[in-house]
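Below is one structure; the comments refer to it alone.
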Amino acid sequence: MPTLYYAVGACSLAPHIVLEWIGAPYEAVKVQYGSPELLAVNPAGAVPTLREDDGWLLTQAGAILDYLSHKHPEANLSGGDSLRQKAENHRWSAFLTSDMHAAFWPVFMPYRYTTDESEEARAKVVAAGHVLVHKQFATLDKHLEGREWILDGKSVIDA
Ligand SMILES: N[C@@H](CCC(=O)N[C@@H](CS)C(=O)NCC(=O)O)C(=O)O
C-alpha cells in the first residue's frame with residue numbers, strides 16, 4: 001500500500017485527490033515541512049512524497065501524478081496516450097508545478113524573497129506575488145474557456 005506524506009494547505013493535495021479518485025488502498029501521513037520524519041523520506045523537507053511498500057520513494061508532484069496515472073490505467077486519468085496528448089500532459093504539469101506553484105511562494109513565504117525584515121518590504125513581496133498569481137490564473141482561465149477539463153477528459157492534471 002503506498003504512503004503519501006502530505007501537509008495541510010499544500011500542493012500534496014493534488015496526489016491526495018488522485019489517490020481518492022483511484023480508490024485503491026493508501027495511507028496518508030500528515031507531516032510538517034522540514035520535520036525529521038519528512039526529511040527522512042525527502043531531503044528537501046517538502047511534500048508531496050510518495051513511498052511504496054518496498055521503500056521506493058518518489059518526490060515532485062508532477063512525477064507522482066504521472067506515476068499514479070500509469071500505475072492505475074483503469075482509472076483513466078492520464079489525459080490520453082497519443083504523442084500530442086502526452087505532450088499536453090507534460091506541458092500543463094510543468095505549468096502548474098513550476099509557473100503556477102512558484103507564483104504562490106512570495107505570497108505565502110515572503111521572508112524567503114527579501115533580506116529586508118520590515119513589514120513594508122514583506123508586504124511589497126506579497127503584492128508582487130499577487131500579480132504573478134493573477135497572471136498564471138489568467139493563462140489557465142483562457143485555456144479552460146469552453147472546456148470542462150484541462151486535458152482531453154478528466155485527468156491527474158485537473159487535481
Ligand atoms: N517542486 C516540488 C515543490 C514541492 C514544494 O515546495 N512543496 C511545498 C508545499 S506546497 C513544501 O513542502 N514546502 C516546504 C518548504 O518549502 O519548506 C513539487 O512540485 O513537488
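The values are calculated or read from the model by the stated rules, or taken from the named source; none is laboratory data. It should be emphasised that the depicted structure is a prediction, and the values quoted were computed from it without experimental measurement. Please note: Cβ atoms are built from the backbone with ideal geometry, for glycine as well, and neighbour counts cover all protein chains shown.
Just a few scattered comments:
- Figure legend. Inter-residue proximity from the range 55-70: first residues closer than 16 Å to Leu38 by Cα and without any contact (Cβ under 8 Å) to a residue 24 or more places away in the chain, second residues in a helix (DSSP H, G or I) and within 12 Å of the ligand (Cβ to nearest atom), beta-carbon distance below 9 Å, spacing 6+ or different chains. Indicated pairs: Leu58/Ile64.
- Scanning the range 131-159 for residues that are under 9 Å from Gly79 (Cα atoms) and under 18 Å from the mean Cα position of the chain (by Cα) turns up Ile150, Leu151, Lys154, Ser155, Val156, Ile157.
- Single condition Gln60 does not satisfy, out of (1) surrounded by 16 or more Cβ atoms within 10 Å (Cβ to Cβ); (2) more than 26 Å from His130 (Cα to Cα): (2)
- All positions within the range 83-123 that are of a type outside the set (Asp, Glu), surrounded by fewer than 16 Cβ atoms within 10 Å (Cβ to Cβ) and over 28 Å from His143 (Cβ atoms): Tyr111, Arg112, Thr114, Thr115, Ser118, Ala121, Ala123
- Take the conditions (1) surrounded by 14 or more Cβ atoms within 10 Å (Cβ to Cβ); (2) over 29 Å from Ala24 (Cα atoms); (3) of a type in the set (Asp, Glu); Asp158 misses just one of them, which is (2).
- Gln136 vs. criteria within 16 Å of the ligand (Cβ to nearest atom) and not assigned by TED's automatic domain parsing to the domain that holds Ile17: yes
- Looking across the range 2-23, the residues that are away from the ligand (no atom under 13 Å from the Cβ), surrounded by 14 or more Cβ atoms within 10 Å (Cβ to Cβ) and not in a strand (DSSP E or B) come down to Pro2, Ile17, Val18, Leu19, Trp21, Ile22.
- The single condition from (1) on the phi > 0 side of the Ramachandran plot; (2) modelled with pLDDT of 95 or more; (3) exposed (fewer than 13 other Cβ atoms within 10 Å of the Cβ); (4) within 13 Å of the ligand (Cβ to nearest atom) that Gln32 fails is (1).
- Residue count, the range 60-104 (criterion: within 15 Å of the ligand (Cβ to nearest atom), out of contact with any Cys (no Cβ under 6 Å at 6 or more places or on another chain) and of a type in the set (Gly, Ala, Ser)): 7
Listed here are the residues, each with its yes/no results for (1) in contact with a Leu (Cβ under 7 Å, 6 or more places away or on another chain); (2) aliphatic (A, V, I, L, M).
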site	(1), (2)
Leu58	yes, yes
Ala63	no, yes
His70	no, no
Pro73	no, no
Arg84	no, no
Ala102	no, yes
Met109	no, yes
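- Selected residue (criterion: farthest from the chain's Cα centre (by Cα)) from residues of the range 24-51 that are in contact (Cβ under 8 Å) with a residue 40 or more places away in the chain and in a strand (DSSP E or B): Arg51
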